Amino acid sequence: MVTDFDRELAQVDADLGRLRQASPDDVEAATQLAYRLQHRANLTGARPVEAERAVAQAIERWGPAQDLCLLKATMHLQSHELAAARDAVHAAPGLAATDPGRLLLADIELQRGGDATAEATYGQVEQTWDVLARIAHLHVLRGAPAEAQAWYDVAEDELTAKQMRSYAWLCVQRGEVEEACGHPEAAATHYAKAERGYSGWWSVTAHRAALLPDDQAIAANREIYARFPRPETAEAIGIRYARSGRPLDAGPWLDRALAGYLGPDGLGSPRYHHHLAAFYTSVRPDPAEAVRWARLDWELRPNPRTAKALAAAMDMRRSAHA
């Protein structure tokens, strides 16, 4: 059965095929190509390597246009490269004064611990669904799940019938809130709504799998990994194998996860620092490595969440030396 996700991915691939044939002097086509490459990376959960290359080439050729710098800043933010994201916003004349530019700068501030600054900006720009979702997320970070769900409700009301993947994304966020509150049945309800609204999205499948027994979760995640080999999925499989008493099966999957997080150079992309800190804290405990990666993450994103992770890693190191 062809799913909603399959149809969207096929459309993106068709668009990319057309845009790759455009004249190299067509700035509009080059910009659209960069955006569609990033769209595909977001859909599949891959690193936007091609999109980063395309936007860099476009800026080098045509200069720091607002739409190109906005895309560049967005990708840097997604990779937790906050200084580079901020520089990209300010590189395009006037971008920082627009709503999209202000939102990106607010998102950067949130990652740096400036929750109040981010909240102020969210209240000043046009209240689109994604801005309302940001406000909901702020309440999640503050430990106010009821308020978060209320804002997610408002965000859903702003969606149109054509924005079903956005609807599914909101359902996933709501499910995560319920999971964190210890309400798996309520979480499952939100995930089921996501699947009905936008079928076949691997992200929804992964969230639903987290609520399943080990064997079913492993099977679901292995199907995801076969199509989109993300290190996070490999880690989820390895953890389930380990939890079900199969360490020999767990090992190779955890090795794959670690290799993906570290990358071919072994340095670890900033986007994976928090994964590495958590991996060495709870999956394969290594106090020194846990502190190393948690500190690197905190240095890039000095907020209460990264500070808490660093404190946990340091506590583990102290206990190991006691």
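The values are calculated or read from the model by the stated rules, or taken from the named source; none is laboratory data. Note that the structure is predicted; figures quoted are calculated from it, not measured. All Cβ positions, even for glycine, are placed from backbone atoms using ideal geometry, and neighbour counts span all protein chains on display.
Quick look at the values:
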quantity: Subset of segment 1-46 (residues that are polar (S, T, N, Q), farther than 21 Å from Ala194 by Cα and not in a loop (DSSP other than H, G, I, E, B)); calculated: Thr31, Gln32, Gln38
quantity: From the options Asp4, Asp25, Asp115, Asp99, residue that is charged (D, E, K, R) and either within 27 Å of Ala206 (Cβ to Cβ) or assigned by TED's automatic domain parsing to the domain that holds His137 (or both); calculated: Asp4
quantity: Residue match in segment 197-214 (condition: hydroxyl-bearing (Ser, Thr, Tyr), over 19 Å from the mean Cα position of the chain (by Cα) and surrounded by fewer than 16 Cβ atoms within 10 Å (Cβ to Cβ)); calculated: no
quantity: Check on Gly260, under 28 Å from Leu110 (Cα atoms), within 21 Å of the chain's Cα centre (by Cα) and assigned to a helix (DSSP H, G or I); calculated: yes
quantity: Conditions (1) within 29 Å of Lys193 (Cα to Cα); (2) among the basic types (Lys, Arg); (3) in contact with a Lys or Arg (Cβ under 8 Å, 6 or more places away or on another chain): number failed by Arg112; calculated: (1)
quantity: Scope segment 145-171; condition among the small types (Gly, Ala, Ser), modelled with pLDDT of 95 or more and loosely packed, with under 15 Cβ neighbours inside 10 Å; matching residues; calculated: Ala146, Ala150
quantity: Among (1) under 28 Å from Thr233 (Cβ atoms); (2) in a loop (DSSP other than H, G, I, E, B); (3) free of Cβ contacts under 8 Å to residues at least 60 places away in the same chain; (4) of a type in the set (Gly, Ala, Ser) - the single one Ala161 does not satisfy; calculated: (1)
quantity: Unmet criterion (only one of (1) crowded, with 17+ Cβ neighbours inside 10 Å; (2) part of a helix (DSSP H, G or I); (3) not aromatic (Phe, Trp, Tyr)) for Gly268; calculated: (2)
quantity: Extreme residue, surrounded by the fewest Cβ atoms within 10 Å (Cβ to Cβ), among residues of segment 56-94 that are farther than 28 Å from Trp293 by Cα and free of Cβ contacts under 8 Å to residues at least 12 places away in the same chain; calculated: Glu60
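To keep it simple, each residue is scored yes or no on (1) farther than 18 Å from Asp26 by Cβ; (2) in contact with a Leu (Cβ under 8 Å, 6 or more places away or on another chain); (3) among the hydrophobic types (A, V, I, L, M, F, W, C).
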{"position": "Pro48", "(1), (2), (3)": "yes, yes, no"}
{"position": "Leu70", "(1), (2), (3)": "yes, yes, yes"}
{"position": "Leu77", "(1), (2), (3)": "yes, yes, yes"}
{"position": "Leu82", "(1), (2), (3)": "yes, yes, yes"}
{"position": "His90", "(1), (2), (3)": "yes, no, no"}
{"position": "Gly94", "(1), (2), (3)": "yes, no, no"}
{"position": "Gly101", "(1), (2), (3)": "yes, yes, no"}
